[in-house]
Amino acid sequence: MDDESLGEGEYRVVLDDITASGRHFAELASDTESKYFIPGENITVQAVAYSTSALANVAYSAVRTTNSLFAAINDEQNTAYISNFRHLENLDVYISNLDYNDDNDKLNIATALQTTDLDWTDFRTKTGNNPVTVSDGIWLSYYPTETVAAYCPINPTYDGFSNIAFNYDGQYHSISNVTANYAGAAGLFGEVTDLTVSNLKLIDFDIASTGGDAGALAGSMDTCTVTNVVAYHSKDASGKTITATGNAGGLIGSLDGGTVTRCAAALIVNGGGNAGGLIGDASGLITSCYSGGHTTGGVYSNTAYNVTATGYAGGLIGNAGGTTITSCYTTCSATGATAGGFVGSASGSI
């Protein structure tokens, strides 16, 4: 193939190309000739060279094995390993065609382990940083309704298997500099159900939802469990915010019936609905969490609040309906139609 980076006799076989439409693994594996590929399985490749015009020895290359969607998998433990943003995005069924069934002829991935720190700016640079539209089908967005050149929130759940709980373990690594501008629920994850997230740092996220809820970790979470996850803006994150036309939270925009334990957030949050330094609108159990406020020269500004809402605003949670809050605190300033230093509105136990 015509590639100046390759030497004579060298060839590149592309299994998953994020810079052109029609070349994602799921698309390449959907035609008749490739129908036997299972998205996420390991693929072993060996080149064989021979002559059709003269007697010659047959030459065999070394055997190489790679995974079609992730850094690696452990299919016995239904686990995928994540070492770059493409692996992370491939957890979304829409992007990768990762599949699940009860017959055990699919991988049935249920756990993802992050193996290193991930930086969205670095990933964009390495993949060409192409400012193209969705019609080109590259990494910037995989959903046909979205046209923004930004990270597209993912949803690691299986269609038709809402009872399958997916587990994402950051293994105390970080994810940095994610920018998302999305019409629906926005964050690292979008709108998710039965998702468990643990041991993860989210640094300098700039998240906007123009038609839903927003949080650094997720826009909307239903019956999810979050443990040991922190989200914060560094001192160099000027202008980065968590903003939504709906509910906005430093960590989660909206939490419905979930559990959040030993988590923290320190970001600037603006909600068109309810807003909180940690969670915008919550029902469930919140334990041993805090939200940190931003100051200038060690002083809160009278005009610039950490949390701003059209509805309820709270330093920790905007609207805590039916929520049990235990061993939590906040140092955020908050302003809204109804505002509280801790919560804007509550019906539960604190």
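The values are calculated or read from the model by the stated rules, or taken from the named source; none is laboratory data. The shown structure was predicted, so the numbers you read here are calculated from the model rather than taken from an experiment. Ideal geometry is used to build each Cβ from the backbone, glycine not excepted, and the neighbour counts take in all protein chains shown. Just so you know, the surface numbers come from the protein's heavy atoms only, side chains and all, with ligands and any DNA or RNA stripped out. Shrake-Rupley method; radii C 1.70, N 1.55, O 1.52, S 1.80 Å.
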Out of A346, A313, report the one residue that is within 21 Å of D256 (Cα to Cα), open to solvent by less than 20 Å² (accessible area, probe 1.4 Å) and not polar (S, T, N, Q). A313
Unique residue being modelled with pLDDT under 95 and under 15 Å from I268 (Cα atoms) when the list is D236, D194: D236
Among (1) open to solvent by 50 Å² or more (accessible area, probe 1.4 Å); (2) among the hydrophobic types (A, V, I, L, M, F, W, C); (3) not in a loop (DSSP other than H, G, I, E, B) - the single one A304 does not satisfy: (3)
Looking at G273, is it surrounded by 20 or more Cβ atoms within 10 Å (Cβ to Cβ) and under 21 Å from S198 (Cα atoms)? no
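Listed here are the residues, each with its yes/no results for (1) within 21 Å of the chain's Cα centre (by Cα); (2) among the aliphatic types (A, V, I, L, M); (3) farther than 24 Å from Y172 by Cβ.
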{"residue": "A244", "(1), (2), (3)": "yes, yes, yes"}
{"residue": "V260", "(1), (2), (3)": "yes, yes, no"}
{"residue": "C263", "(1), (2), (3)": "yes, no, no"}
{"residue": "L267", "(1), (2), (3)": "yes, yes, no"}
{"residue": "I286", "(1), (2), (3)": "no, yes, no"}
{"residue": "G298", "(1), (2), (3)": "no, no, yes"}
{"residue": "A313", "(1), (2), (3)": "no, yes, yes"}
{"residue": "T324", "(1), (2), (3)": "no, no, yes"}
{"residue": "S333", "(1), (2), (3)": "no, no, yes"}
Against the condition out of contact with any Ser or Thr (no Cβ under 6 Å at 6 or more places or on another chain), closer than 25 Å to V192 by Cα and in contact (Cβ under 8 Å) with a residue 12 or more places away in the chain, how does A339 come out, does it pass? no
Qualifying position, being under 18 Å from G348 (Cβ atoms) and free of Cβ contacts under 8 Å to residues at least 40 places away in the same chain, among D281, D236, D256: D256
Any hit, the range 255-264, residues being touching a Cys at 6+ places or on another chain (Cβ under 8 Å), part of a loop (DSSP other than H, G, I, E, B) and small (G, A, S): no
Pick from the range 55-89 the residues that are assigned to a loop (DSSP other than H, G, I, E, B) and open to solvent by 60 Å² or more (accessible area, probe 1.4 Å): which of them is modelled with the lowest pLDDT? D75
Give the residue, chosen from T147, T111, that is among the polar types (S, T, N, Q) and at pLDDT 85 or above. T111
Of all the strands (runs of 3 or more DSSP E) wholly in the range 156-234, which have at least 2 residues that are within 12 Å of the chain's Cα centre (by Cα)? 166-176, 179-182, 189-193, 195-203, 218-222
For the range 242-265, how many residues meet the condition of being open to solvent by less than 30 Å² (accessible area, probe 1.4 Å) and at pLDDT below 95? 1
Consider only pairs whose beta carbons are under 9 Å apart and that are at least six residues apart or on different chains; among these, list those whose first residue lies in the range 98-113 and is under 16 Å from N42 (Cβ atoms) and among the basic types (K, R) and whose second residue is in a loop (DSSP other than H, G, I, E, B) and modelled with pLDDT of 75 or more. K106/I38; K106/P39; K106/G40; K106/L98; K106/D99; K106/Y100
Do you know which residues across the range 316-342 are surrounded by fewer than 21 Cβ atoms within 10 Å (Cβ to Cβ) and within 14 Å of L267 (Cβ to Cβ)? T331
